[in-house]
Structure formats: C-alpha cells, structure tokens
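Each remark here refers to the structure printed beneath this line.
The values are calculated or read from the model by the stated rules, or taken from the named source; none is laboratory data. In this text the structure is predicted, and so the values were computed from the model without any measurement. Quick reminder, even Gly has a Cβ in these numbers, built from the backbone with ideal geometry, and neighbours come from all protein chains shown.
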Protein chains: 2
Amino acid sequence: MGIVVQKYGGSSLSDADAIKRVARRITEQKRAGNDVVVAVSAMGDSTDELLDLAEAVSPLPPARELDMLLTAGERISMALVAMAISDLGYTARSFTGSQAGVITDSVHGKAKIIDVTPGRIQSAIDDGHIVIVAGFQGVSQDTKEITTLGRGGTDTTAVALAAALNADVCEIYTDVDGVFTADPRIVPQAAKLDQVTYEEMLELAASGAKILHLRCVEYARRYNIPIHVRSSFSQLDGTLVTGSINDEGEEQMEAAIISGVAHDRSEAKITVVGVPDKIGEAARIFETLAEVAINIDMIVQNVSATDTGLTDISFTLTQSDGQVAMEALDRLKDEVGYEKLIFDHSIGKVSLVGAGMRSNPGVTAKFFKCLADAGVNIEMISTSEIRISVVCSEEQVDVAVAAAHTAFDLDSSEVEAVVYGGTGR
Amino acid sequence: MGIVVQKYGGSSLSDADAIKRVARRITEQKRAGNDVVVAVSAMGDSTDELLDLAEAVSPLPPARELDMLLTAGERISMALVAMAISDLGYTARSFTGSQAGVITDSVHGKAKIIDVTPGRIQSAIDDGHIVIVAGFQGVSQDTKEITTLGRGGTDTTAVALAAALNADVCEIYTDVDGVFTADPRIVPQAAKLDQVTYEEMLELAASGAKILHLRCVEYARRYNIPIHVRSSFSQLDGTLVTGSINDEGEEQMEAAIISGVAHDRSEAKITVVGVPDKIGEAARIFETLAEVAINIDMIVQNVSATDTGLTDISFTLTQSDGQVAMEALDRLKDEVGYEKLIFDHSIGKVSLVGAGMRSNPGVTAKFFKCLADAGVNIEMISTSEIRISVVCSEEQVDVAVAAAHTAFDLDSSEVEAVVYGGTGR
C-alpha cells in the first residue's frame, strides 16, 4: 500500500458528468489499496471565463487580485470532485494550495514552488480520506499572499505533492493516451511511447511537445518521481517518464536511438544584420535582451565577411516576445551600429530527441540527409547531447516531421517492441 | 477621517458594469477622506449556480465541501471589485474571510462569528489601501476549516468588521431605498423611515421584514454599530439603525408610537386537538419538537372544556419545518393521547412594531379594532414590549397590513416629520 498522486486537467473536469467519471477513477485507485492525493485544475473553460470577467472590469488588473480571482476556479472543481467521491461512499477532503502547504515565492501569475509542507494533507490521509488539492496555486512564503504557478501549474503541483509525500507514482491524466513519437495529427503512424526518460521528456517538452510542461518534468527529475502520463478516457497504460528505461536503473543497450520527433511553431526569428565584428558587440545585444527579460532559444552568428568586418546575428525567441525584443534592439541601434533588424514569424522548429543518439554517431548526418531529400531548407541548427533541432520555414514543418519519423524507423507500431527492447511495464 | 464599512449584496454586483458602479461608489467614500472596508456577496445568481453544480454531482454533498465550494463565489466578486477600484486609480486589497480574521465556530453552512482578528485588514488600511473582504465566510477556530455563515451572512460580516475596526458606520447597500413603514408592494403609501432603533429593527426583522437579517441587527446592537441601510442605485440617504432616535442618546417624547407594519407569510400553524389537560402534557409536546430542532414562534392553548378535560394547543413554525414537526408529533400520539393534528399552511402574521407603544396604552385595542373593522379574523396573538403580532388567514394579510398602516397614521409622507420629531439626519 503506497501513495498515488493523480492530476486531472480542465478537459477531464468539463462538467458534472465528467467530474463523476473522475471520481470513479479516483476511488478505483483507493479500492486497490492505495492512498490517493489528487491535484485538480479548474473546470473546462472556467479559467478563461474568469479572465474575461477580469478584462471586463479592468484592462490591466493587478496581479495579486488576478491570482485571487483565478484560484476560485480550482476551489470550485476540487469541492465538486470531493462531493462526487463522497457520493460514491468514500470520504474526501479538499484543500486549497495554501491549506495543502504549497509554499511559493511571491511572483504573482508565475510563482515558483519553494517548499511543500503537507501536514494537513498527511493528517487527512492518515484519517483514511482521499485528498483533493487545488492545482496551480500556492501561498507566498514572505507575504502569505495567494499565488498562481502559471502554465503547467497543476502538473507541477501534482509532482511537488508526490515528492513531498514520497509517493510511488504521479499519474497525469490528460485527453490523449500518452507521449507519442510525433504529433499524430501530422504523423498518423506515430506510436505511443511506453517509457521515456526525464532527459528525453525534457528535450521533447522544450522542443514543443505540449503534453507535459518543462518545469513539471524538471521537478520530477530532481526528486526522482515517476510520472505516468495517461488518458482519463481509457484504462490503457500510458507513458511512464522515469530516470531510466529498464528496471535495473540503467539504460538498455537496445534503447531507441530516437524516442520522438517534436515540433514547435510558436517561435520567431530575429536577425540583426551588419553587426561590427568586434569583441563585446554580440554580448551587448544579448545583455539588452536579458534586461527586458526575453528568453533566447537558438543563436547563429555568421562568419564575418573579411572585407566588411560585419557579421549577422540571428536568434529565435517566443513569438509573443517579438515586439518587446524589437523595441529593445531598436534603442540599441546607434550604440552597436548594426545595419538593420529582420523579424520572421514564419518559422518552425523540428527536433529529434533520443538518449540513444549519445552513443550513435551519424544521427545528425542521417537527419540532415532525410530533410534534404524531403526538400526542407535548414535555416538554423542547435544540438544537445540527446537532441538535434533545426529551424525551417513554417510551411515545411509537417514535411520535416514526417520525413524524420520515417527515416528513424518510428513509423511502424511494431517498432515499439524493438525500440524499447520489449520491456513494457 | 474615520473608517466606513460598506456591504454590497449580489444584486448590486450582478455583472461587470454593476461592479464598476460599486467601485465608483466605494472610491467616493475614500475620496471624502474615509478609510473604506467593504464586505461583498457573490455576484448575482452565482451562488445558486454553484448549488446547482453541487446537486448535479451529489444529492447530499458534505457540508464541509459545500462551504468550500460556495466561498468561491465571494472570492470571485471581491477580486473583481478590487480590480475595478484599481482601474479607477486607487489601490485595493481583497481578503478571504479567513485572511480577514473572521473566526467562527465549526458549524458548516451556518457558522457563528466568534471573533474578528483584523490584523491584516488593519495593516492594509494603514498602507492606504481600500480593503475588500469576502462576506458570508470565515474559518473555524478549532479545525481551521472554511465555514459559511448562512442567511444574512454578508450583512453580519460587514457589521462584525465594523465592530472589530471600531468603524463610524456600517453602510448596507441594497436594491431598495431603506426601511419602510410597510412593504410598498402592499401599501403604496408606505414611507421610508429616516431612523429606527435596534430594538424596533429586531422586531421588524423577526416579524418578516426582509431588509436586514436578525443576527446582523443583533450584532450591531451588541457593539453599538450604526447601520445605514441605503440603495446602491441612488445617492439618497436611507434608514439609520441606531441605539436611539435622537442625537442626545434618549428617545424623544414625540417618537412615533408605531414605526412600521411587518408581515410574514412563511409560517404555518399546527393544532394538536384534544390534549388531556394534565400537567406535563404540553411540556412533552414542546420537548419533542425541541428534540428535532424545531423553532416555535407563537403558542396558544385554549381554556380546557370542563366537561371533557381536553384542550387544544396551537403553535406556529416555519413552513419548511412542518413535515418534520408533524412526524415527530405523530410518534407522540399514543404517549400523550391527543385526538388529532391539524396542519394549516395558509396563515399570515401581521406585526405592529414601535418603541412608542411602550408608553402608549390603547395601542392593542386600536390595532384589534381596525382589524375587526376591516373584517380580519384574528386567530392568534403574541406581544412583546414594542410589538404586537396577530395570525390571520393568508389571504387577509394585505388587508390587515393596509388597515393598520392607515389606523396608525403612517400613510401620509408628511407624517415622517411628525413621527420622528423632525430630527432628520
């Protein structure tokens, strides 16, 4: 008998019937002999409805009050889930983030979890209750103000609770069956992954796979909490995200070279044309962007043309940061003395992720060749030990994803057994 | 410069526009140089919507979770009011009942306020903020659970905050202009009262006037907090509820004999027919009702008929308690040996309230004569020092109210000046 933490998102809690279905799912786990702690998001679109209300009363609502408002959404869903569980003959206790001991910093709207002090939750578990916790929220350590965690917040709440309670597993329920080798809307042959490592999941998340948020995976890796990503609409096993592929704690020799192909259309590219190739000019540019809190993804600097002494610097960033970045760079024009700025929002990033590429030379060459064969023009390249990403034009993303998926033998559903050495779970 | 506490109900906070209007109203008081603390209810019908959701997931939701759910309503409205205020260039801080230090007992759904520890509110006031507090809710002293206060809860929150903060006045904003001499829907000539005493207001509230809840007036009287009942839709002065009519702290000689006529159609009458007229039989009946937590209002016992040794006992109670009371009495039939039970839900109560009747003999006689002249048949009578109530058939309520209103010279709008000795405010 252990502790299982579950997370249900808004799409799994869209109305009363959905909530009753979730309640049945929760009690199954309890009936199986486990203690259950559940993190819930707000119902369906209710967060958007609250945001609409906020906008209707104030175009620029104070962040503190926006957090106060939005946290009402999880409060509603957690109480309803607790009621539905009680209706099935079990006892449940719901707790706000604050009551659950989710301690954060005081950055409203995107607070970070500093600590979890699960005293009240543990007592409720000890008393035999199923515990429901409001996801996405906490209370600030210094000011005791209500905070929200920002995107991926409820996933992170679930993993943080699992870590604090020393849970056996954190089950993240969603509306798809697990993590796939590529987006099935682009690659119909995409296969569900049975297992994936934290590292691979991190690279997939950072590369545009939307199934788990980066910070949640980072948290799970830090505390070594296995995450089971699965569908709330089926009883099938989903994808297990853990520290290693097999049970012995070591990566298998037969491990897949590539675990998946991710893509991301949310970025844009800025090129600073004609930068004097002097020491410190590039640094000045990126300092300026850091000052306005812009996160840079990939950077490419052309080799300086010997006759002009000028170079071009390109980088990618989130599209929504584009305006702020362009304005900041524009203010820098006289100081740095570059020629002009080019903003391109029609780009896409395609990434190949797999722990196996570490020990497999030739992956990069094979990737580039398959893209070339498919007529994809590569604009930028960036690599990590277990990932290769390329930037291409937005309209070539689908072709690039499909080509890579085929080239690395991910297409057949039978591949799974080979790829993962038939470990299953 | 003092502290003004305001209360806005759901009908004053029905949508974004209404919230903006309330925000303007609040900032006017701040601009006038006062510190402002505001207790808010949930928006419009949102509490009913939450109750519908609860019913959809569980026919008998646990009281703890129902409180957790319902308190989301005030959380939403308080955050929106704070945002709207901020949009007007003032700073506001919203606080839940728990954050505001509203400490209650642990009876979910109808908790009583035990204490208010307004440390955080006072700090926010000291920092120059307008403070918005979620009405209707608190946190239990022993178990630190979220509780709701039940009917009239936000009025009570406002008065409790006013008492804890030593406020100058508690303004209760509603959708009518104040307290009237009778319900204007029944008596078109009914006049707004400029002032009324706590005692009179208590009797009016207990007699069916719905404008202020009994417990809120009791709280105000205990802590001597002036309540100003007024409309959120006009700038007119409303009705001041205080400890005494004039400024010198004593009732004026010219004070009205009668301040108003209240009525109540929410009660029912049960008659226990043919009760053996022995010591203890009546006590047994009311003990039984107390055991099932039924509150009795008026009681009449007929004089025993000498030839039979049997008597009839009639009492009134809230209609919704009728079923439980009848069942409890039915179980008592063999023990007490009465003949039969008669349940009558078609009754109404008409009450004459006024501190002046204390020193005015003949009020009762005049009241009964005007009812007789109007053809109203009196079924039961009950009196206090400043109130006379009669029970009649439900269809005679309107006639009775109008007759009493006329008989005691409340009809003319000029009467006000005479009635209240021209004190005005």
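Against the condition closer than 23 Å to A:LYS349 by Cβ and either at pLDDT 95 or above or of a type in the set (Val, Ile, Thr) (or both), how does A:VAL187 come out, does it pass?
So A:VAL187 fits the description; yes.
For the condition among the hydrophobic types (A, V, I, L, M, F, W, C) and within 14 Å of chain A (Cβ to nearest Cβ), what is the one hit in B:VAL169, B:VAL176, B:VAL139, B:VAL217?
B:VAL139
Every residue, every condition in (1) buried (at least 24 other Cβ atoms within 10 Å of the Cβ); (2) on the phi > 0 side of the Ramachandran plot; (3) not in a strand (DSSP E or B), yes or no:
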residue: A:VAL133; (1), (2), (3): yes, no, no
residue: A:THR143; (1), (2), (3): no, no, yes
residue: A:THR147; (1), (2), (3): yes, no, no
residue: A:ARG151; (1), (2), (3): no, no, yes
residue: A:ASP155; (1), (2), (3): yes, no, yes
residue: A:ALA158; (1), (2), (3): yes, no, yes
residue: A:LEU161; (1), (2), (3): yes, no, yes
residue: A:ILE172; (1), (2), (3): yes, no, no
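Looking at B:VAL350, B:VAL391, which is the one that is under 26 Å from B:LEU202 (Cβ atoms), touching a Cys at 6+ places or on another chain (Cβ under 7 Å) and either touching a residue at least 40 places away in the same chain (Cβ under 8 Å) or assigned to a helix (DSSP H, G or I) (or both)?
B:VAL350
Just one of B:GLY97, B:GLY73 is more than 9 Å from chain A (Cβ to nearest Cβ), surrounded by 21 or more Cβ atoms within 10 Å (Cβ to Cβ), in contact with a helix residue (DSSP H, G or I) (Cβ under 8 Å, 6 or more places away or on another chain) and closer than 25 Å to A:SER77 by Cα; which is it?
Testing whether each residue is more than 9 Å from chain A (Cβ to nearest Cβ), surrounded by 21 or more Cβ atoms within 10 Å (Cβ to Cβ), in contact with a helix residue (DSSP H, G or I) (Cβ under 8 Å, 6 or more places away or on another chain) and closer than 25 Å to A:SER77 by Cα leaves just B:GLY97.
A quick yes/no check of all residues on (1) facing another protein chain (nearest Cβ under 8 Å); (2) among the acidic types (Asp, Glu); (3) farther than 18 Å from A:LYS7 by Cβ:
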position	(1), (2), (3)
A:SER77	no, no, no
A:ALA84	yes, no, no
A:ASP87	yes, yes, yes
A:SER106	no, no, yes
A:GLY109	no, no, yes
A:ASP115	no, yes, yes
A:GLN122	no, no, yes
A:ILE125	no, no, no
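Please determine, by comparing only the residues of the range A:100-112 that are surrounded by fewer than 23 Cβ atoms within 10 Å (Cβ to Cβ) and more than 24 Å from A:ALA54 (Cα to Cα), which one is farthest from the chain's Cα centre (by Cα).
Step by step, filter the range A:100-112, then rank; the result is A:GLY101.
Here is a list of conditions, (1) surrounded by fewer than 18 Cβ atoms within 10 Å (Cβ to Cβ); (2) touching a Gly at 6+ places or on another chain (Cβ under 6 Å); (3) over 26 Å from A:SER94 (Cβ atoms), and B:PRO188 meets all of them except one; can you say which number that is?
Result: B:PRO188 fails condition (2) only.
Quick one: would you say B:GLU65 is among the acidic types (Asp, Glu), within 11 Å of another protein chain (Cβ to nearest Cβ) and in contact with a helix residue (DSSP H, G or I) (Cβ under 7 Å, 6 or more places away or on another chain)?
Yes: the conditions hold for B:GLU65.
Look at B:GLY362 and say whether it is assigned by TED's automatic domain parsing to the domain that holds B:ALA402, at pLDDT below 90 and buried (at least 19 other Cβ atoms within 10 Å of the Cβ).
Judged against the criteria, B:GLY362 is not a match.
Among the residues of the range B:96-105, write down those that are part of a loop (DSSP other than H, G, I, E, B) and under 10 Å from B:LEU149 (Cα atoms).
B:ASP105, the sole residue that qualifies.
Name the residue that is farthest from B:ALA158 (Cα to Cα), counting only residues in the range B:36-50 that are surrounded by fewer than 23 Cβ atoms within 10 Å (Cβ to Cβ), in contact (Cβ under 8 Å) with a residue 24 or more places away in the chain and not hydroxyl-bearing (Ser, Thr, Tyr).
B:ASP45
Can you pull out every residue in the range A:26-35 that is away from chain B (no Cβ under 14 Å) and surrounded by fewer than 22 Cβ atoms within 10 Å (Cβ to Cβ)?
A:GLU28, A:GLN29, A:LYS30, A:ARG31, A:ALA32, A:GLY33, A:ASN34
Which of the residues belonging to the range B:123-146 are within 20 Å of the chain's Cα centre (by Cα) and polar (S, T, N, Q)?
Passing the criteria: only B:GLN137.
Give me the pairs, please: first residue somewhere in the range A:360-382 and closer than 24 Å to A:ASN302 by Cα, second residue anywhere and modelled with pLDDT of 90 or more and basic (Lys, Arg), beta-carbon distance under 8 Å, and either six or more positions apart or on two chains.
A:GLU379/A:LYS269; A:MET380/A:LYS269
So in the range B:278-310, with the set limited to residues that are crowded, with 16+ Cβ neighbours inside 10 Å and modelled with pLDDT of 85 or more, which one is farthest from the chain's Cα centre (by Cα)?
Within the range B:278-310, the match that is farthest from the chain's Cα centre (by Cα) is B:LEU310.
How do the pairs read when you match residues in the range A:222-235 that are free of Cβ contacts under 8 Å to residues at least 60 places away in the same chain with residues anywhere that are among the small types (Gly, Ala, Ser) and surrounded by fewer than 16 Cβ atoms within 10 Å (Cβ to Cβ), using Cβ under 7 Å and keeping only pairs 6 or more apart or on different chains?
These pairs meet every condition: A:ASN224/A:GLY243.
Consider A:GLU49 carefully, then state whether it is under 25 Å from the mean Cα position of the chain (by Cα) and over 20 Å from A:GLU171 (Cβ atoms).
yes
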